[in-house]
Amino acid sequence: MGTALVTGATSGLGEEFCWQLAAAGHNLVLVARRGELLAEIASRLHNVTGVRTEVIVADLAQPKDRARVGARIQSPEAPIGLLVNNAGFGLGRPFVDNSLENEKNALTVMVEAVMELSHCAARAMRERGHGAILNVASVASLTGAGTYSAHKAWVVAFTEGLSQELRGTPVTATAVCPGPTRTQFFDNAGVDMGQTPPWAMLTSEQVVSEALDAVSRGRVLVTPSPLYKVAMGAMKVSPRWLVRRAMRSVPHM
Ligand SMILES: NC(=O)c1ccc[n+]([C@@H]2O[C@H](COP(=O)([O-])OP(=O)(O)OC[C@H]3O[C@@H](n4cnc5c(N)ncnc54)[C@H](OP(=O)(O)O)[C@@H]3O)[C@@H](O)[C@H]2O)c1
């Protein structure tokens, strides 16, 4: 079994990726900023499942930290067989009202870091002759609702392009587009999801298991759950003015 490197491993989808990958026997490299929490989760994963765990405390908004993570991805020691670009956050405010600093930070973590780490991984994996890259996008990639949507639309387009470049090699690229999922994401962004009915909220378990299944099948795009498959399908065929109008009542991520 290969080693998987998961960014944003301290909570939500990232932590769930670690548990499901560990249960399948993958050794893990966990990446996030909160070092104590990262070490605690890594040790629990090791004690419960017996897999080997490493941690890299890194702020993906910082070039030096991204370079350290990139170097680990390219290292021949315990080669990385799966890269999960999961770290991300909601901005929670409209672009014009937000600080440019927060906007640049979001762009760096959700776009630049995904590009840099994918570059490191795709080269190393192609050379070694195996590997997979999984990028966490969102249904927001089609909603046209602020810069968060723009970043996730980039992730989808980038992953599609990467998957085409890698055709004919043993390396795959997959993007997962989850709908709203119960994690700390909304609290961290200060977004109130109180009006969202419980049936419209996904669980991390469901999102991660569908995403990993898509990776194992070499699929390029996956939207977990029938509800959001239909929603994505509807947004693809609807006129864009209708999608924008429908999104007016939905808070910015
Ligand atoms: N929840 C949803 O409804 C939903 C829907 C669609 C897509 N997504 C996407 O799913 C991914 C995971 O989100 P989540 O819902 O699991 O949210 P979450 O529970 O808030 O987790 C976000 C993770 O990203 C890490 N992170 C944030 N900024 C970072 C930085 N600068 N450097 C390194 N790590 C950083 C956090 O770790 P530290 O704070 O320890 O650094 C944390 O582990 C994100 O890309 C998000 O956009 C979420």
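The values are calculated or read from the model by the stated rules, or taken from the named source; none is laboratory data. Nothing here was measured: the structure is a model prediction, and the numbers come from that model. Here the Cβ is made from the backbone with ideal geometry for all residues, glycine too, and neighbour counts use every protein chain on show.
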ask   = Has region 27-45 got any residue that is within 9 Å of the ligand (Cβ to nearest atom), more than 28 Å from residue 218 (Cα to Cα), in contact (Cβ under 8 Å) with a residue 40 or more places away in the chain and assigned to a helix (DSSP H, G or I)?
value = no
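Return the residues of region 1-26 that are at pLDDT 95 or above, assigned to a loop (DSSP other than H, G, I, E, B) and more than 14 Å from the ligand (Cβ to nearest atom); say none if nothing qualifies. First the steps, then the outcome.
Going through region 1-26, the residues at pLDDT 95 or above turn out to be 3-26.
Pick out the ones that are also assigned to a loop (DSSP other than H, G, I, E, B) and you get 8-11, 24-26.
Selection gives 24, 25, 26.
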Filtered residues of region 213-243 (kept if in contact with a strand residue (DSSP E or B) (Cβ under 8 Å, 6 or more places away or on another chain) and among the hydrophobic types (A, V, I, L, M, F, W, C)) = 214, 215, 220, 221, 222
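Each row is one residue, and each column tells you yes or no for (1) out of contact with any helix residue (DSSP H, G or I) (no Cβ under 9 Å at 6 or more places or on another chain); (2) of a type in the set (S, T, N, Q); (3) modelled with pLDDT of 95 or more; (4) more than 25 Å from residue 114 (Cα to Cα).
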{"site": "144", "(1), (2), (3), (4)": "no, no, no, no"}
{"site": "154", "(1), (2), (3), (4)": "no, no, yes, no"}
{"site": "158", "(1), (2), (3), (4)": "no, no, yes, no"}
{"site": "190", "(1), (2), (3), (4)": "yes, no, no, no"}
{"site": "246", "(1), (2), (3), (4)": "no, no, no, yes"}
ask   = If the Cβ limit is 6 Å and pairs must be 6+ apart or interchain, which residue in region 111-137 that is outside any helix (DSSP H, G or I) pairs with which residue that is of a type in the set (Ser, Thr, Tyr)?
value = 132/172; 133/118; 134/174; 135/159
ask   = Any idea how many residues of region 46-100 are outside any helix (DSSP H, G or I) and among the basic types (Lys, Arg)?
value = 2
ask   = Any idea which of (1) within 11 Å of the ligand (Cβ to nearest atom); (2) at pLDDT below 95 is the one residue 60 doesn't satisfy?
value = (2)
